[in-house]
Amino acid sequence: MEHFSPKIVEAVETVKTSPSVQRAFDYVKDHLEETIRDQKELVLIEAPTGHEKAKAERYLSMLREAGLDDIYMDEHFNVIGKLQGTGNTGCSVLLEGHLDTVFSFGDVKGIETDAEGRIHCPGICDDTRAIAANLAVLRAFKAANLRPVHDIYFCGTVCEEGLGGMKGMAWTLDQLKDKTNLLATISIDGATAEIFYANATGMIDLEVTIEGPGGHAWTACERVSAIHTAGLAIAEIAKIVPPKDPKTTLTVSLIEGGQAIHAIAQKAVFKINARSNSQAALNEIEEQIYHAIRRGVEIEQKKEGGEGELSLSIEKTLDVPAGSQPDDAAIIQLAKLATQAVGRNYKFLPGGCTNTNMSIERGIAAVTLGRGGEEYGTHTLKEWFNPKGVYACEQKSILMLSVLAGLDGVIAPLDKA
């Protein structure tokens, strides 16, 4: 049987049974229709990574309408607002979801709801559901008159998806470090009300460019080929065996090159994605990749009759840090107990590449909670969301924020997350 800290068990029980917290729980359940309306409105404001301004402006106004006064949008279009704590402690916790989606402008054609109540629209889950849920959490705090002791920041972050590489969260944390002692962050991202992440899978993307003189496939047949070189390099990369523990993966994901079917290729470009639950393992696999690429170039350059010079460029286009927290960390225990407290069975998944990575890198206690509900087809045009029972996500957030930040007249803040 799993062991939990008696202090955290008692804190969860105290908060869960508080009449004011129960009012907040009831609020998010009773106002689910309003939350889904917000979700539908926000998903129609397209926000490809790097183009979040319009959605950010609307989200800021919605948070302000919900009663968050101390709020602003930064130069990157992160939305950052503070619910003032009663204790003037200089400490805070943060609740966030990301504003951007993986889709391009024009991909969102509209919203359809089927006979089973499922809402069909690209981006309806990831991560529009999260920012709507967090807005509902703020409204519940206000409606139930929950007064946190520490400050609580509500944020909509940018540049989480793709090559955004969680930069929005990094920018937000870097801004807040001069304003507050940030004790913990809660991100909403991922499926179901049971799943949560509390460790960080690191990730790198590399873009490899190889160039040579090119020439006619017949008359210049002795010349080196950029595509042959890329093939040799990829063959060397394929020999690398990533460790299974810690889980580490490696793939050449994209390749293009050449200029004509009857020509020796002047240029080839390929891209690599590597991930690991360990930063040390990720660093090691990166070094092996560089060695393999250089070996491929060397083989082609030294082949018999290899005329012409090859050039090699390797650009790191994404660098997301790996990291971990102890399995018995207070915030992990709290996430498990909070999930149980709202009537769900928790599922703590290993790894995870979410905005939590940026908190863990900075030594801040952090979890990423699932959005609640049933999901299908995230990151595809077939994405849909079933809102049945999704308020469990908001209830977990209310409970965790209350324990971490404390509630005036109910409970003191948790000593350490």
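Quick rundown of the values:
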{"item": "Accessible area of segment 290-417 divided out per residue, in Å², using a probe of 1.4 angstrom", "result": "43 Å²"}
{"item": "Accessible-area composition of the chain, carbon plus sulfur, in percent [1.4 Å probe]", "result": "50 percent"}
{"item": "Fully extended contour minus Cα-Cα distance, from Leu318 to Arg362, at 0.36 nm per residue", "result": "14.0 nm"}
{"item": "Cα-based helix-to-principal-axis angle, 391-405 vs the chain, degrees rounded to 10", "result": "80 degrees"}
{"item": "Accessible area (Å², 1.4 Å probe, nearest 10) - Glu46", "result": "50 Å²"}
{"item": "Relative contact order of segment 10-138, defined on C-alpha pairs under 8 angstrom at six or more residues apart (%)", "result": "30 percent"}
{"item": "Glu41, Glu284, reordered so the largest accessible area comes first (probe 1.4 Å)", "result": "Glu284, Glu41"}
{"item": "Prolate/oblate/rounded label for segment 180-287 (Cα gyration tensor, a/c 1.5)", "result": "prolate"}
{"item": "Angle in degrees between helix 53-65 and the longest Cα principal axis of the chain, rounded to the nearest 10", "result": "10 degrees"}
{"item": "Pair Ala412, Ile299: separation of 7 Å Cα→Cβ label points (nm)", "result": "6.6 nm"}
{"item": "Where N is the number of residues in the chain, Cα Rg divided by 2.2 N^0.38 Å", "result": "1.13"}
{"item": "Protection proxy ranking, peptides 383-394, 14-25, average beta carbon neighbours within 10 Å, highest first", "result": "383-394, 14-25"}
{"item": "Rounded accessible area of Val410 (nearest 10 Å², 1.4 Å probe)", "result": "50 Å²"}
{"item": "Hz values of 3J(HN,Hα) by residue in segment 172-181 - Karplus curve (6.51, -1.76, 1.60), Gly and Pro given as x", "result": "5, 5, 5, 5, 6, 4, 8, 10, 7, 8"}
{"item": "Sequence of Ser61, Ser187 when ordered by accessible area, the most exposed leading, probe 1.4 angstrom", "result": "Ser61, Ser187"}
{"item": "Accessible area (Å², 1.4 Å probe, nearest 10) - His228", "result": "110 Å²"}
{"item": "Gain in span if fully extended, Ala220 to Glu112, counting 0.36 nm per residue against the direct Cα distance", "result": "33.1 nm"}
{"item": "Distance-filtered residues of segment 241-277 - backbone nitrogen under 12 Å, label point 7 angstrom along Glu207 Cα→Cβ", "result": "269-272"}
{"item": "Signed unit charges on C-beta, dipole axis of segment 69-221, positive-most listed residue Thr89, Ser104, Val79", "result": "Thr89"}
{"item": "Folded to 0 to 90 degrees: helix 32-43 orientation relative to the chain principal axis, Cα", "result": "30 degrees"}
{"item": "Partner lysines for Lys239 [C-alpha distance under 23 Å; skip if fewer than 8 residues away on the same chain]", "result": "Lys247, Lys271, Lys302, Lys303, Lys316"}
{"item": "Size of segment 135-203 as Cα extents on the principal axes (Å, biggest first)", "result": "41, 34, 20"}
{"item": "Gain in span if fully extended, Leu44 to Glu309, counting 0.36 nm per residue against the direct Cα distance", "result": "90.3 nm"}
{"item": "The chain: relative contact order in percent, alpha carbon pairs under 8 Å with at least 6 residues between", "result": "24 percent"}
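The values are calculated or read from the model by the stated rules, or taken from the named source; none is laboratory data. Just so you know, these numbers come straight off a predicted model, no measurement behind them. As a convention, Cβ positions derive from the backbone with ideal geometry for all residues, glycine included, and neighbour counts pool all protein chains shown. Accessible surface areas use protein heavy atoms only, side chains included; no ligands, DNA or RNA. Shrake-Rupley method; radii C 1.70, N 1.55, O 1.52, S 1.80 Å.
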